[in-house]
Amino acid sequence: MNHIQNKLTYGLKTGTQKGLHGFVWMLKIIVPISFLTVLLEYSGWVNKINFILEPCMNLLSLSPIAVLPLIVGMLTGIYGGIAAMVVLPLTTNEMTLIAIFLLFTQSYPGRNYSEPVWT
């Protein structure tokens, strides 16, 4: 009985440590990207380039602001794209399309999953 209790205690301890480590790792990605996305949106930078993005994004049935999560997701990974997508005023349909595009860009062959694209 003591042996089982030791295994359970060890499993709980290591599981909690790994879970907290993963949580902190995701926070390091999500918080800065969400903050920068909100800054870009409120500064009006995205609205200034709408005239360039609107024809391309209309082909995909997306609003021009949807290009931001797509670019961020391609450069940083799926969590960065989701963090950028959540803080923008997008419809459910647009979020679904962006999520599908991000999943495709993250699953192409030859992608090194241990590093972001820019390194």
Could you work out how much longer the chain between residue 104 and residue 27 gets when fully extended? Use 0.36 nm per residue separation minus the Cα distance between them, nm to one decimal. 25.4 nm
Under 27 Å from the Cα of residue 7, which lysines turn up, not counting those fewer than eight places away in the same chain? 18
Tell me the label only: which of (1) 21, 20, 14; (2) 37, 16, 13; (3) 19, 16, 14 is semi-axes √(5λ) of the Cα gyration tensor in Å as calculated from this structure? (2)
What distance in nm separates the two pseudo spin-label positions at residue 54 and residue 16, each 7 Å out from Cα along the beta-carbon direction? 5.6
Simple SL model, points at 7 angstrom along Cα→Cβ for residue 4 and residue 61; separation in nm is 5.5
What number, rounded to the nearest 500 deg cm²/dmol, is the helix-based mean residue ellipticity at 222 nm of the chain, given -39500 (n - 2.57) per DSSP H run of at least four residues and division by all its residues? -25000 deg cm²/dmol
Tally Lys/Arg at +1 and Asp/Glu at -1 over every other residue whose Cβ is under 15 Å from the Cβ of residue 61; what's the total? -2
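Throughout, read-outs are computed from the coordinates displayed, never taken from laboratory work. Everything numeric in this text was worked out from a predicted model, so none of it was measured. Glycine also receives a Cβ, built like all others from the backbone with ideal geometry; neighbour counts cover every protein chain displayed.
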